[in-house]
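Heads up: the structure comes next, in structure tokens.
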């Protein structure tokens, strides 16, 4: 089985990731939680020049549960603090 790899980005990034989703991991009320922001190209009138990137962010949920969704293909991760990363989630680089 290959190792799951995640690409680290700055926590305060506003750029849409190449992969289409950004996982933000942070503490909330004593738990480690994560949100997922998904980015989609949207063309309201079908013209490339009037399109924009639309984003939808999930509510905070247990980081373990969120990262299960990405266990096969990895993703882009923004950590509020280095000590929040759990090695069982995969390799963070």
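The values are calculated or read from the model by the stated rules, or taken from the named source; none is laboratory data. Model, not experiment: these values are computed from the prediction. Here the Cβ positions follow ideal geometry from the backbone for every residue, glycine too, while neighbour counts run over all protein chains shown.
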Next on the checklist: Scan the stretch 39-51 and tell me whether some residue there is without any contact (Cβ under 8 Å) to a residue 40 or more places away in the chain, in a strand (DSSP E or B), surrounded by 14 or more Cβ atoms within 10 Å (Cβ to Cβ) and within 11 Å of the chain's Cα centre (by Cα).
Outcome noted: yes
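Restricting attention to the stretch 72-83, and to residues there that are crowded, with 16+ Cβ neighbours inside 10 Å and outside any loop (DSSP other than H, G, I, E, B), which single residue is modelled with the lowest pLDDT? Break it down into steps so the answer makes sense when it comes.
If we filter the stretch 72-83 for residues that are crowded, with 16+ Cβ neighbours inside 10 Å, which is where we start, we get 74-79.
From what is left, the residues that are outside any loop (DSSP other than H, G, I, E, B) are 75-79.
Values: 75: 85, 76: 91, 77: 94, 78: 94, 79: 96.
If we take residues in the stretch 72-83 being crowded, with 16+ Cβ neighbours inside 10 Å and outside any loop (DSSP other than H, G, I, E, B), then 75 is modelled with the lowest pLDDT.
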Checklist entry - Taking the stretch 18-38, which residues are surrounded by fewer than 10 Cβ atoms within 10 Å (Cβ to Cβ) and modelled with pLDDT of 85 or more? => result 29, 30
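Does residue 88 satisfy being modelled with pLDDT of 80 or more, out of contact with any strand residue (DSSP E or B) (no Cβ under 9 Å at 6 or more places or on another chain) and part of a loop (DSSP other than H, G, I, E, B)? Break it down into steps so the answer makes sense when it comes.
Values: modelled with pLDDT of 80 or more: yes; out of contact with any strand residue (DSSP E or B) (no Cβ under 9 Å at 6 or more places or on another chain): yes; part of a loop (DSSP other than H, G, I, E, B): no.
For residue 88, the condition - modelled with pLDDT of 80 or more, out of contact with any strand residue (DSSP E or B) (no Cβ under 9 Å at 6 or more places or on another chain) and part of a loop (DSSP other than H, G, I, E, B) - is not met.
Scan 15, 69 and give me the residue that is surrounded by 13 or more Cβ atoms within 10 Å (Cβ to Cβ), modelled with pLDDT under 90 and within 14 Å of the chain's Cα centre (by Cα). Walk me through it before giving the result.
On the way: 15 fails: surrounded by 13 or more Cβ atoms within 10 Å (Cβ to Cβ).
Checking each option against the conditions leaves just 69.
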